[in-house]
Every structure is written in structure tokens, then in C-alpha cells.
Amino acid sequence: MSIELINASFSYPGGFLANENLNLVIEPGERVAIVGQNGAGKTTAVKMMNGLHKPTAGDVLVDGKNTKEYTTAQIARMVGYVFQNPDDQIFNQSVRAEIEYMPRYFKLSAAETRRRVERAVILAGLEDYMGKNPFDIPYPIRKFVTIAAVLATEPKYVIFDEPTAGQDRRGTQILETMMDELQKEGIAVVTITHDMEFVARNFDRVVAMAHRNILADGTAAEIFGNDQVVNEARIRRPQLAQLALDLGLQGILNGDELVNALD
Ligand SMILES: Nc1ncnc2c1ncn2[C@@H]1O[C@H](COP(=O)(O)OP(=O)(O)OP(=O)(O)O)[C@@H](O)[C@H]1O
Ligand SMILES: [Mg+2]
């Protein structure tokens, strides 16, 4: 059981090659951060994982199923993708309708629909917004509406595309608690982000992309400790990792590690 990209490439209509020969395996319950400069091909790659894009060369398998042989809706039920821009995803007139949409589409019972919606709403901290029009609420909350809508489908793998963009501390805290909860349930969480402090706090495994390729796939300490990867993927080291390196210490990601190393 896993998501597997096998020499997967993707060209957009018109011919632009956005991903070239990607090889990557994501297992249930894993947490993976995908990082790298604008235009590196991160969003394209995750859209291949949930069947929105079918590879133009190579294969993508989800729990052994080749995405080319299934509809996007079938794959999306296993792999949930929360869009980078919530306005590309939302189409209902109320927060409740947006979150209930997929459970209703699946024709789940009223009780099961209620259970799923309640769980998603609590995880996303949306209790006070259920009757509102999604387009009348602030962008960061709107992003949580799209997250809740995907969680209500209860996929085995969840992909967040830039979830911390525009979030304050409360939003980031909700996300971190949510990821812990999902991981406890054995759900894999893949997150694209430009926020390296968020990566250092929450992710062991980091995939760095640049120029349509995967540059490196390793622990956060390995990725942030590698000058070549940091420069080529144009990522900013987390502050403490940079401070530690300036002090000649490798593999430090947080304050506790730094204190221990200096002891
Ligand atoms: N619909 C499209 N048609 C043609 N080219 C596209 C399309 N969408 C994306 N691209 C191009 O593919 C490349 C990779 O885009 P992608 O969105 O995957 O990058 P990204 O790593 O997610 O970037 P960002 O950090 O800015 O979100 C970019 O050069 C982009 O311009
Ligand atoms: Mg993107």
C-alpha cells in the first residue's frame, strides 16, 4: 500500500514539461514535506498523485492501481488534494454545503455524513462558520473550508498545497494539531510549503524539487544540512539550523537539539 511515482513525467498541453522522471514512494501514515522554488513542479507532481493529472510518461500507482486506468474521482477518493488556491475548489454557497458535498455525492447515510462533517469541522476549527457563504469569510478560514471538504471524504492520503500561506499562529496551530490527529489514524500527509520553520517543526521527511526534478529526498536535517540542495532548491534554512551551522554544528533543527549540542 503506497503512492508510487515511477519515472513519472508530465507535460502540459502545449508541450511544457513540468515534471521529468519523478520517482517517489509515499507510505500510509507518513508525513512528507515537498519544498522548492516557485515553478519547480511541486503542484504538478501532487496533482499526478491524486489523478488530476495523468502522467504523460511513466506511471503513478495508488495502492497498486495505475491512475491511468481509473477516473480522477476514483483516485481522489483515496488521495485527497486541497488546492493551493481555495477559490479553485469551492463552489457551494455555504460552508456546510461545501463540506457535505462529497459525502452526499457518495450517497452515504445521513448519520455517516453527519459524523464525517462533524469530525472535519472540529479538525479544521470551523464551528463558527457553518452557515456563512465561503466567499464572505477571510482567505485563511476559506482555506480551512477546502481542507474540511477534503477531510470529509476520508481519504487514506491527504495532500495540502501551501496550507500555511496567509495563516496566523492560530491557523498554523490548527494545522499542526490536525496533522498529528491524521497521522494517529494512519493517514499519510503530504504538504507543499515554502515555510521552512513549519517544516522543521513538523516533518521528518523532506523532498526538495528544482527544475522539474526531485533533487533530494531525505530527513529534514539532511536536506537543510546540504548546501547544494539548499541553494539549488532556493530554500531558506530554518533560523536555528542556520544558527547551528554558523556555530559549526550539523543536523540541528530545533532549540532542544541546539541546547543539547552546546552542553
Ligand atoms: N496549466 C498550465 N499550462 C502550462 N504550464 C503550466 C501550467 N501549470 C503550471 N505550468 C508550468 O509548470 C511549471 C511547474 O508549475 P507548478 O505549478 O507545478 O510549480 P510549483 O512548484 O507548484 O510552483 P509554486 O511554488 O509557484 O506553486 C511552471 O513553470 C508553470 O508555469
Ligand atoms: Mg504550486
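Read-outs throughout are calculated quantities, based only on the coordinates presented, and are distinct from any laboratory measurement. As the structure is a computational prediction, the values presented were derived from the model and not from experiment. Don't worry about glycine lacking a Cβ; one is built from the backbone with ideal geometry, like all the others, and counts go over all protein chains shown.
Quick notes on this one:
- Three-way shape label, the chain, alpha-carbon gyration tensor, a/c 1.5: oblate
- Computed on the range 88-154, with alpha-carbon pairs under 8 angstrom and 6+ residues apart, the relative contact order is 49 percent.
- Candidate aspartates and glutamates - alpha carbon under 18 Å from residue 65, same-chain residues fewer than 8 apart omitted: 4, 27
- Summary of packing: across the peptides 134-145, 152-163, 62-73, the per-residue average of other C-beta atoms within 10 Å ranks them, highest first, as 152-163, 134-145, 62-73.
- Between the amide H of residue 235 and any residue lying 5 or more places away or on another chain, no distance stays under 5 Å, with hydrogens modeled in the peptide plane.
- Using Cβ point charges alone (K and R +1, D and E -1), the dipole size of the chain about the Cα centre works out to roughly 920 debye.
- Helical mean residue ellipticity (222 nm; -39500 (n - 2.57) per DSSP H run of 4+; nearest 500) of the chain: -11000 deg cm²/dmol
- Positive-pole candidate from 90, 198, 40, dipole of the chain, charges at beta carbon: 90
- The range 88-154, dipole about Cα centre (Lys/Arg Cβ +1, Asp/Glu Cβ -1), debye to the nearest 20: 140
- Cross-link pairs beyond the 24 Å C-alpha cut-off, checked among 47/132; 42/107; 156/184; 47/143: 47/132; 42/107
- Packing, taken as the mean count of other beta carbons within 10 Å per residue, orders the peptides 42-52, 248-258 from highest to lowest as 42-52, 248-258.
- Length released on extending from residue 181 to residue 68, taking residue separation times 0.36 nm less the Cα-Cα span: 37.5 nm
- Net length gained if the chain between residue 6 and residue 115 were fully extended (0.36 nm per residue, minus Cα distance): 35.6 nm
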